[in-house]
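*Asks:* Before we start, here is the structure in question, set down as structure tokens.
The values are calculated or read from the model by the stated rules, or taken from the named source; none is laboratory data. Keep in mind the model is a prediction, meaning the values are calculated, not measured. All Cβ positions, glycine included, derive from the backbone under ideal geometry; neighbour counts span all protein chains shown. What goes into the accessible areas is simple: the full protein's heavy atoms, side chains included, and nothing from ligands, DNA or RNA. Shrake-Rupley method; radii C 1.70, N 1.55, O 1.52, S 1.80 Å.
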2 protein chains.
Amino acid sequence: MTLFDFDLVATDPTTSARRGSFKTAHGTVETPLFMPVGTRATVKGVTTPQLHELGAQVLLSNTYHLFLRPGSDIVREAGGLHSFMNWDRAILTDSGGFQIFSLADTLKLSDDGVEFRSILDGSKHFWTPEENMRVQQDLGADIAMQLDQCPPYPAEKEFVATAVRRSADWAARCKAAHSREDQALFGIVQGGVFEDLRLESVSRLTELDLPGYGIGGYSVGEPHELMLESLGPVCDAMPANKPRYLMGVGNPTTILQAIGLGVDMFDCVLPTRTARMGTAFSSEGRMNLKNAKYARDFGPLDVACTCPVCTQYSRAYLRHLVSMKEMLASILLSVHNLHFLLDLTARARVAIEEQRYGGFLADWLASPGAADY
Amino acid sequence: MTLFDFDLVATDPTTSARRGSFKTAHGTVETPLFMPVGTRATVKGVTTPQLHELGAQVLLSNTYHLFLRPGSDIVREAGGLHSFMNWDRAILTDSGGFQIFSLADTLKLSDDGVEFRSILDGSKHFWTPEENMRVQQDLGADIAMQLDQCPPYPAEKEFVATAVRRSADWAARCKAAHSREDQALFGIVQGGVFEDLRLESVSRLTELDLPGYGIGGYSVGEPHELMLESLGPVCDAMPANKPRYLMGVGNPTTILQAIGLGVDMFDCVLPTRTARMGTAFSSEGRMNLKNAKYARDFGPLDVACTCPVCTQYSRAYLRHLVSMKEMLASILLSVHNLHFLLDLTARARVAIEEQRYGGFLADWLASPGAADY
């Protein structure tokens, strides 16, 4: 098995769920999986040894943010992201396309590339697909994503169609400019909620025979059902022998539904961001630890959970930390929430291997935890 | 060896440094030692398993803060502080006297007790020595401190004398009210910078034959030299068979100097507070990681340090985290700074055992790290 070849270990008989794996220079990645997000080369509040212990296989980091600070040259001089942030398993960098289009108030877009201003100091930058590849090769993640144009929701069909075609052209230019053999370049399927545009995007990208494909432009404000409706046909049209990565999706229920439609990879800031707001995933649904009802609740955060937080700390203690805005509240809830998604996807992998993913998904959807999406 | 009996393991031939130990229901405490501070039942940014690994023997927590939130009744119902905060080694609670006198803008003081207002919601509370003992017995630390009156600096001698006598009276009332056999009650020597008052305080407290004594009212703004001048005679006057705890002192140089004068225990928020400001203790003196000179410095934080931060992360990475105000900056620098003091005091213990503390102290004072006080 050479680097990045996707090995289909098992498929589920009643859903489109699949159990796969692929090799990177930093370990084999078992799919389906959730990837914790470390925007600025750090998963907020969690150390890399803790992430190791939680069983994280791949961390995601953001090219846009790292390009601005500390700069991809400093990361390259440090020996790349793995060495810079002390993480010896796999890393994926997004291209920054999503951030450029969602954070920047002024940008100049052409077929050639995109000019944007830094959110930090207003400085002007111009990214072509080629320049973006240079930056991502400097960062040195195991997986790089193509530069793409991510349309907002809602958007006119004509606008989305242009973005699909431009993104496909850029994918080809990224491929031509990409040279690191220890780094996989993934394309990104766009097309918003328009199924025909999604399928056109899949078809254009499949021609490039890239080692994997992201599915972008979802989870940008569209109704949840609209995404799930079009996601199935999109997955069905994508090549079976390449991993499929649904970008930016991280709530437990949508992850499990998307796995049932054939998605292999997920990332989201949700577990750590909600943790910093004092909320926890649980088998009983999302919990707001600010709630006074937990003040004298000396039971574990989630009785069904085996994480280091649930086995060592009480709801009453966590409630105290959250109320007092103690840093440890964010740390412990982040660890728990990450464990929750890493454990859920690990159990999904076993269910697929054992050919019972349909039942596993149905059980989840009938459980109180499913309210969480 | 029964609980809290102070065993003098070794004394240094050329200084007054001593190497001792005493037993608690949560492990034997080896002195001299530094105790990390967890004001609200959490050492800011550091988990209890991390503190375990760093070799912390005793954590300090604050009665004033815990009394206000979550309330000592909730901590008692949780099974005490050890269970509440998930720490199975020893804990010390201060009495809250220092906080009442330094934080409260309005308070009514009499020989009977002190009325103060909560810094959180302005609510009014009245503490007698007896009430304070009830609260600390609810919290259930291994060591409780007497309620005392801590005068500010500067203060008139007459004012300090009154505080000394009142504190000694309160020590006797605390002793009479204290009943937990698994908890040691320590007295607190006051007297400001007036040596005769300090000696009067020692003499009054020694009569009570308590299992240990704090030395309070230092490090409240007086010149550093004034403290060191009077500390020697105070230590000499204190009973040799009881541990001596210099409250609120935490910079490396003063700790080592005070050990040389015969002090056994220290606590301070300095390592974690300075960490949150982006500064690190080091063998080269205090480092401000915000400094641009570290941007491309890929060496360890402190080459002489063996902590998990110095062995895994570079100055350039820490500088990036500090600049971006990432939570991980505070976490990693707190771990390093705590390790620095825990390691320094561990090495001091070995130096005393090996009868070479005088040289150890002289080496430190001649090193670049000694600028840090």
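*Asks:* Over the Cα atoms of the protein assembly as shown, what Rg and Dmax result, in angstrom?
*Replies:* Calculated on Cα positions, Rg and Dmax stand at 29.9, 91 Å.
*Asks:* Please figure out what share of the DSSP beta bridges in the range A:5-160 is antiparallel and state it in percent, rounded to the nearest 5.
*Replies:* Of all bridge pairs located within the range A:5-160, approximately 65 percent are antiparallel.
*Asks:* Using only the Cα atoms, work out Rg/Rh for the range B:231-373, with Rh taken as the Kirkwood radius, to two decimals.
*Replies:* Here the Rg-to-Rh quotient is 1.03.
*Asks:* Give me the base-10 log of I(q)/I(0) for chain B at each q in 0.10, 0.11, 0.13 Å⁻¹, Debye formula, one uniform scatterer per Cα, rounded to two decimals.
*Replies:* Each listed q corresponds, in turn, to -0.62, -0.75, -1.06.
*Asks:* Are there cysteines in the protein assembly as shown with no other Cys C-beta under 4.7 Å, and if so, which?
*Replies:* By the Cβ distance rule, which asks for a partner under 4.7 Å, the isolated cysteines are A:CYS150, A:CYS174, A:CYS235, A:CYS268, A:CYS307, B:CYS150, B:CYS174, B:CYS235, B:CYS268, B:CYS307.
*Asks:* When DSSP beta bridges are limited to those with both residues in chain B, what percentage is antiparallel, rounded to the nearest 5?
*Replies:* Approximately 45 percent, going by the DSSP bridge assignments.
*Asks:* HN-Hα J couplings of the range B:355-362 from phi, Karplus 6.51/-1.76/1.60, θ = phi - 60°, integer Hz, Gly and Pro as x?
*Replies:* 6, 9, 5, x, x, 4, 5, 4
*Asks:* What Kirkwood radius, in Å to one decimal, follows from the Cα pairs of the range B:180-261?
*Replies:* One decimal place: 13.0 Å for the Kirkwood radius.
*Asks:* May I ask what percent, to the nearest 5, of DSSP beta bridges between residues of the protein assembly as shown are antiparallel?
*Replies:* About 45 percent, rounded to the nearest 5.
*Asks:* Pop out the ³J(HN,Hα) list for the range B:177-191 in order, Karplus 6.51 cos²θ - 1.76 cosθ + 1.60 with θ = phi - 60°, rounded to Hz; leave Gly and Pro as x.
*Replies:* Each residue's phi maps through the Karplus curve to give 8, 8, 10, 6, 7, 8, 10, 8, 9, 9, x, 10, 6, 10, x Hz.
*Asks:* Can you give me the long-range amide H partners of B:ASP267? Hydrogens built in the peptide plane at 1.01 Å from N, cutoff under 5 Å, separation of 5 or more residues or another chain.
*Replies:* B:MET35, B:GLY248, B:VAL249
*Asks:* Right, next: Which links in A:LYS290/B:LYS290; B:LYS124/B:LYS325; A:LYS108/A:LYS157; A:LYS108/A:LYS175; A:LYS44/A:LYS242 stretch past 25 Å when you go from one Cα to the other?
*Replies:* Table pairs above 25 Å Cα-Cα are A:LYS290/B:LYS290; B:LYS124/B:LYS325; A:LYS44/A:LYS242.
*Asks:* Work the Kirkwood hydrodynamic radius out for the range A:223-309: mean of 1/r over every pair of different alpha-carbon atoms, inverted, in Å.
*Replies:* Here the Kirkwood hydrodynamic radius works out to 15.2 Å.
*Asks:* Return the long-range amide H neighbours of A:GLY45 (sequence gap of 5 or more, or a different chain), with a cut-off of under 5 Å between placed amide H atoms.
*Replies:* Under 5 Å from the amide H of A:GLY45: B:MET327, B:LEU328.
*Asks:* Using modelled amide H (1.01 Å from N, peptide plane; none on Pro or chain starts), what sits under 5 Å from the amide H of A:ALA304, excluding residues fewer than 5 places away?
*Replies:* Distant-sequence amide H within range of A:ALA304: A:SER283.
*Asks:* Would you calculate the volume per residue, in Å³, of the smallest convex hull containing every Cα atom of the range A:132-191?
*Replies:* Spelled out: Cα convex hull of the range A:132-191, divided by residues, is 71 Å³.
*Asks:* For the Cα atoms of chain B, what angle does the longest principal axis make with the long axis of helix B:129-139, in degrees from 0 to 90, nearest 10?
*Replies:* The angle comes out near 40 degrees.
*Asks:* Residue-wise, which Karplus ³J(HN,Hα) couplings in Hz belong to the range A:217-230, taking 6.51 cos²θ - 1.76 cosθ + 1.60, θ = phi - 60°, and x for glycine or proline?
*Replies:* x, 9, 6, 10, x, 6, x, 3, 5, 4, 5, 5, 4, 8
*Asks:* Next question. In the range A:308-350, which residues become less accessible by 30 Å² or more once every protein chain is in place, relative to the chain on its own, using a 1.4 Å probe?
*Replies:* In the range A:308-350, residues shielded by partner chains: A:GLN312, A:TYR313, A:TYR317, A:HIS320, A:MET324, A:GLU326, A:MET327, A:LEU328, A:ILE331.
*Asks:* Write down, largest first, the equivalent ellipsoid semi-axes of the range A:292-365 in whole Å, where each equals the square root of 5 times an eigenvalue of the alpha-carbon gyration tensor.
*Replies:* 30, 13, 9
*Asks:* Put a label point 7 Å from Cα along the Cβ direction on B:ASP7, then list its distances to the equivalent points in the other copies in nm, shortest first.
*Replies:* Going from nearest to farthest copy, the values are 5.6 nm.
*Asks:* Using the 7 Å Cα-to-Cβ label point, sort the distances from B:GLU207 to its equivalents in the other copies shortest first and give them in nm to one decimal.
*Replies:* 9.8
*Asks:* Tell me what chain A gives for mean residue ellipticity at 222 nm when only DSSP H runs of n ≥ 4 count, each as -39,500 (n - 2.57), the sum divided by the residue total, rounded to 500 deg cm²/dmol.
*Replies:* Only helices count here, giving -12000 deg cm²/dmol.
*Asks:* Could you compute the net charge surrounding B:HIS125? Neighbours are other residues with a C-beta less than 15 Å from the C-beta of B:HIS125; K and R count +1, D and E count -1.
*Replies:* Summing Lys/Arg as +1 and Asp/Glu as -1 gives -3.
*Asks:* Also: So how tilted is helix A:195-206 from the main axis of chain A? Cα-based, degrees 0 to 90, rounded to 10.
*Replies:* On a 0 to 90 degree scale, this one is about 70.
*Asks:* Now, a different point. Where the label is 7 Å out from Cα toward Cβ, how close does A:ARG69 come to the same position in every other copy, in nm, shortest first?
*Replies:* Nearest to farthest, the other copies are at 2.8 nm.
*Asks:* Of the GluC sites (Glu not before Pro) in the range B:138-224, which ones lie in a loop per DSSP and count no more than 15 other C-beta atoms within 10 Å?
*Replies:* B:GLU156, B:GLU181, B:GLU207
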